[in-house]
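Down below is the structure, laid out as structure tokens.
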Amino acid sequence: MSEDPPKVVLTIAGFDPSSGAGITADLKTIAAHHLYGIACITALTVQSTQGVSRVQPVDPTLVWETLETLIADVPPAAVKIGMLGSGEIAETVADFLKSFRLPNVVLDPVLRSSSGTELLDGTGWEVLQRRLFASADVITPNLEEAGFLAGVPVRDLPSMREAAGILVRGGAKSVVITGGHLDDATDLLAESEPNGGVACRTFVGEKIATMNTHGTGCAFSASLACNLAQGLPLTEAVQASKSYVKGALENSYAIGKGVNPVNHLFRS
Ligand code: PXL
């Protein structure tokens, strides 16, 4: 019996062979939301749960051709952008968004792995801020990324508000700063208002007692793309994605010797 096809979510991200973060993790997250995932790889990494030892961005023309070929065939209902790897790839993705104007673009500004390896070069940072922030509907930095991008230390709710204001005034339409590292795991949503103001809302969470946290940022941003694809308003989508990540943390297991992944498929 034929059913209506599911909505399609496109992920543009790096490859983490341990599948805790990056493209394969995103495809699991998208499947867990009962949507259809399509993907474009920006960079290969060599890594395990014990850390990243090499980053190899792919040829930017491969990224462009992959995206153009996919889009000519399948219209995505949302796009998640994660690790970009290099300034050239960031420019290519910015050109792609400008040419095709896709709905529900979620940009996770991935700068470094949790073990500290650089996942985007200096030119890439500049492209993120100059071109990609304004092309995305929502950006999802964690505390550290928000601090780097806004140029202020971010470690509590007042500094999250300050950083979010700087990012919105710098061109982002809306920002979710994910506060998983805070004691009450509070996230902050900031949206630009037509009068030039910034409206903020907080989502208080609960710290989950687990060390299996690899991929939380990727899981949150991919889930947000899925929830927006399903038509949820941004506030409800943020709340639903926060609950999804909580479940993925609560149901995680140790597959390796390092920082283990969240369980993306816990509710499938
Ligand atoms: O968690 C950030 C991240 C995103 N994407 C890829 C990664 C990592 C962290 O290691 O490898 C591909």
Looking at segment 96-111, can you tell me whether even one residue there is under 25 Å from Pro233 (Cβ atoms) and assigned to a helix (DSSP H, G or I)?
yes
Does segment 88-102 contain any residue that is within 13 Å of the chain's Cα centre (by Cα), within 13 Å of the ligand (Cβ to nearest atom) and not acidic (Asp, Glu)?
no
Tell me whether segment 167-181 contains one or more residues that are in contact with a His (Cβ under 6 Å, 6 or more places away or on another chain) and farther than 19 Å from Glu144 by Cα.
no
Looking at (1) more than 10 Å from the ligand (Cβ to nearest atom); (2) closer than 28 Å to Ser114 by Cα; (3) surrounded by 17 or more Cβ atoms within 10 Å (Cβ to Cβ), which is the one condition that is false for Gly85?
(1)
Filtering segment 217-268 for residues that are aromatic (Phe, Trp, Tyr) and either surrounded by fewer than 16 Cβ atoms within 10 Å (Cβ to Cβ) or farther than 21 Å from Leu107 by Cα (or both) leaves a count of 2
Given the conditions (1) within 22 Å of Ile30 (Cα to Cα); (2) within 19 Å of the chain's Cα centre (by Cα), and given that Leu119 satisfies all but one, which numbered condition is not satisfied?
(1)
Which of the numbered conditions does Ala78 fail, given that it passes all the others? Conditions: (1) of a type in the set (A, V, I, L, M, F, W, C); (2) surrounded by 24 or more Cβ atoms within 10 Å (Cβ to Cβ); (3) more than 16 Å from the ligand (Cβ to nearest atom); (4) farther than 17 Å from Ile41 by Cα.
(4)
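Conditions tested, residue by residue: (1) β-branched (Val, Ile, Thr); (2) within 10 Å of the ligand (Cβ to nearest atom); (3) assigned to a strand (DSSP E or B); (4) open to solvent by 20 Å² or more (accessible area, probe 1.4 Å).
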| position | (1), (2), (3), (4) |
| --- | --- |
| Ser18 | no, yes, no, yes |
| Ile30 | yes, no, no, no |
| His34 | no, no, no, yes |
| Cys40 | no, no, yes, no |
| Leu44 | no, yes, yes, yes |
| Val55 | yes, yes, yes, yes |
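The values are calculated or read from the model by the stated rules, or taken from the named source; none is laboratory data. Model, not experiment: these values are computed from the prediction. FYI the Cβ positions are ideal-geometry reconstructions off the backbone, even for glycines, and counts take in every protein chain you see. Side chains are part of the model used for accessible areas, which takes the heavy atoms of the whole protein and leaves out ligands, DNA and RNA. Shrake-Rupley method; radii C 1.70, N 1.55, O 1.52, S 1.80 Å.
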